[in-house]
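Inspection log for the structure reproduced underneath, given as structure tokens.
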Amino acid sequence: MKIAIIDDDPIAIKALERALLEYQNTYIIGTAGTGNEGLKLVKEKKPELLFLDIELPDMSGLEFIEQINLPDDNPCDVVIYSTYDKYMLPAFRKEAFDFLIKPIEKIELKNIIDRYTTKRTKTELSNRGEEESSHAKKFLLYTNTSDFKIVKINNIGFFQYNSERRIWEV
């Protein structure tokens, strides 16, 4: 898979590059230190997966997502990675593929790579006209804390508010 990294911290870029190169079939096709350099990189190199820092010198990662214009034949999934988890919900609202907290934990990165590989396999099956029977739309469940979980819509029974605990239950 072709990967690009956009981050203004060269040390963070090197750390992420080292971690990503441990996976088979991953190729770092370029890095950029600003949003504008990143937009040019994505347009020219056409990565499949993009690791994007949230705080760049010339724009935020969220602004970057709004400005990125990819043709339908060149989809690119964006993983926002940041030291600040306060950007997690806005990142998902901008349809980021995933969110990775710095410093990077290997198990979290593995989960993202595994999830992306699974998604790519399902997309390839779909493009060939083969559907996977377990293919279902997903729903991001977010509570008023920093908790969230992605669940298949088919697995949701109902919502109920527990007034004693002051939470929604699914």
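In this structure residue 58 has an accessible area near 70 Å², from a 1.4 Å probe over the protein heavy atoms.
Any number yet on Rg/Rh for region 39-118, C-alpha, Kirkwood? Can you show the working numbers first?
On the way: Rg = 12.4 Å, Rh = 13.1 Å.
With Rg and the Kirkwood Rh in hand, the quotient comes to 0.95.
With the convex hull constructed from alpha-carbon coordinates only, region 1-74 shows a mean projected area of 4.6 nm² over all directions. Modelled spin-label separation between residue 165 and residue 111, with each label point placed 7 Å from Cα along the Cα-to-Cβ direction: 2.0 nm.
The values are calculated or read from the model by the stated rules, or taken from the named source; none is laboratory data. Because the structure is a prediction, the values reported are computed rather than measured. Methodologically, a virtual Cβ is constructed for each residue, glycine included, from the backbone with ideal geometry; neighbour enumeration extends over all protein chains shown. Surface areas here come from the heavy atoms of the whole protein model, side chains and all, with no ligands, DNA or RNA. Shrake-Rupley method; radii C 1.70, N 1.55, O 1.52, S 1.80 Å.
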